[in-house]
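Enquirer: Sharing a structure with you now.
The values are calculated or read from the model by the stated rules, or taken from the named source; none is laboratory data. Nothing here was measured: the structure is a model prediction, and the numbers come from that model. Neighbour counts run over all protein chains shown; Cβ positions are idealised from the backbone, glycine included. In case anyone asks, the SASA skips ligands and DNA or RNA and just uses the protein heavy atoms, side chains included. Shrake-Rupley method; radii C 1.70, N 1.55, O 1.52, S 1.80 Å.
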Amino acid sequence: MIRPKTSAEIELLKEPCRIVRDCLNLLGEQIRAGMTTKEVDEIVYGYFRANGAEPSCLGYYGYPASACVSVNETVVHGIPDGRVIKEGDIVSVDIVAFKNGFHGDAARTYLIGEVSEEKKKLVRVTEECFFQAIDGLKAGVPLYDIGYRVQRHAEGNGFSVVRAYTGHGIGREMHEDPSVPNFGKRGTGVRLPAGTVLCIEPMIAAGTHRVKVLEDGWTAVTADGKPAAHYENTVLITEDGAEPLTL
């Protein structure tokens, strides 16, 4: 059941969203070839703690890190470790901060040095899918219009939409109703009330949409080994539109 947030709750929620936004902007300046994915995680942990926030992912169902750091063919939930980031990689970083009793959640995919034209296009189109999804989004719009717009733009550019993972509501819990698929039939699904807060997060693959989870139980990679990208923001639905809180 969707539970819209009050104006007071929204004000509290904006602070962890701001921390997530600023942390991702900092990573955009610092992430580079030669860094390990664990070092990325350490930047996130340090930034959160310095700003009075807790990393929501750390310990979540046993997840061992503060960030999900997913390189190339890893779609989501890459566990930071000693893997060295290389020139030509694309690296998705998904982070969630907890402060004021609320969570803020966003993800970006970074280009490391000179990357292939295919990867550049994939990252660009994935970001565009998000903005396609929120164009015209406001209270009263059916939920699955979001996925319809993502799917139309991704597939129109020759890419596929990962179906095994979805966006979600967010608030006092990291994952709340509703699930927000990145595919769907236009005009279907519950009509979103004002005050709904959603994580809209296109996960787009260069090849097949199918994924497999590695033995660690978390890392999800494309079944064909082709690259994937991820772009996410926490979004407030209002009577007049959709306000990204992590931009």
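Enquirer: Roughly speaking, what is the stretch gain from R186 to Y61, that is 0.36 nm per residue apart minus the C-alpha to C-alpha distance, in nm to one decimal?
Expert: Separation in residues times 0.36 nm, less the Cα-Cα distance, equals 41.6 nm.
Enquirer: If you don't mind, there's one more thing I want to ask. What distance in nm lies between label points placed 7 Å from Cα along the C-beta direction at L247 and D22?
Expert: Label-label distance for L247 and D22, simple model: 2.1 nm.
Enquirer: Using only the alpha carbons of region 179-247, determine the length spanned along each of the three principal axes and report them from longest to shortest in whole angstroms.
Expert: Principal axes ranked by extent give 43, 27, 21 Å for the Cα atoms.
Enquirer: Can you compute the modelled spin-label distance between Q30 and M1, with each label point 7 Å from Cα toward Cβ, in nm?
Expert: 4.3 nm
Enquirer: For the pair E117 and A164, how long in nm is the line joining their label points, each one 7 Å along Cα→Cβ?
Expert: 3.1 nm
Enquirer: Pick from Y231, Y61, Y45: which is most flexible by mean-square fluctuation in a GNM of the chain where alpha carbon atoms under 10 Å apart are linked?
Expert: Highest fluctuation among the options: Y61.
Enquirer: While we're here: At 222 nm, what helix-only mean residue ellipticity would the chain give, in deg cm²/dmol to the nearest 500, using -39500 (n - 2.57) for each DSSP H run of four or more?
Expert: Counting only the DSSP helices, I get -9500 deg cm²/dmol.
Enquirer: Could I ask something else about it? So if I take the centroid of the Cα atoms in region 62-116 and the same for region 7-28, what is the distance between those two points in Å?
Expert: Spelled out, the Cα-based centre of one part sits 17 Å from the other.
Enquirer: Per the 1.4 Å probe, what fraction of the accessible area of the chain, in percent, lies on carbon and sulfur atoms?
Expert: Carbon and sulfur: 49 percent of the exposed surface of the chain.
Enquirer: First check a/c for region 56-166, with a ≥ b ≥ c the square roots of the eigenvalues of its C-alpha gyration tensor; if it is under 1.5, answer rounded, and if not, answer prolate when a/b is larger than b/c or oblate otherwise.
Expert: oblate
Enquirer: Using a 1.4 Å probe, what is the accessible area per residue for region 1-153, in Å²?
Expert: For region 1-153, the per-residue accessible area is 42 Å².
Enquirer: Using the Karplus curve 6.51 cos²θ - 1.76 cosθ + 1.60 with θ = phi - 60°, work out ³J(HN,Hα) for each residue of region 143-160 in order, rounded to whole Hz, and write x for Gly and Pro.
Expert: For region 143-160, the Karplus curve yields 3, 6, 4, 4, x, 4, 5, 4, 4, 4, 6, 5, 5, x, 9, x, 10, 10 Hz.
Enquirer: Now a separate question. If you look for lysine pairs in region 1-143 that are eight or more places apart or on different chains, how many of them have Cα atoms under 22 Å apart?
Expert: Value for region 1-143: 9.
Enquirer: I've got another one for you. With a 10 Å radius around each residue's Cβ, average the other Cβ atoms per peptide and rank 102-109, 14-21, 164-171, highest first.
Expert: Ranked from most to least packed, the peptides come out as 102-109, 14-21, 164-171.
Enquirer: Here is a further query. Using a Förster distance of 22 angstrom, determine the FRET efficiency expected from the C-beta separation of T238 and D177, and round it to 0.05.
Expert: Given R0 = 22 Å and the Cβ-Cβ separation, E is 0.70.
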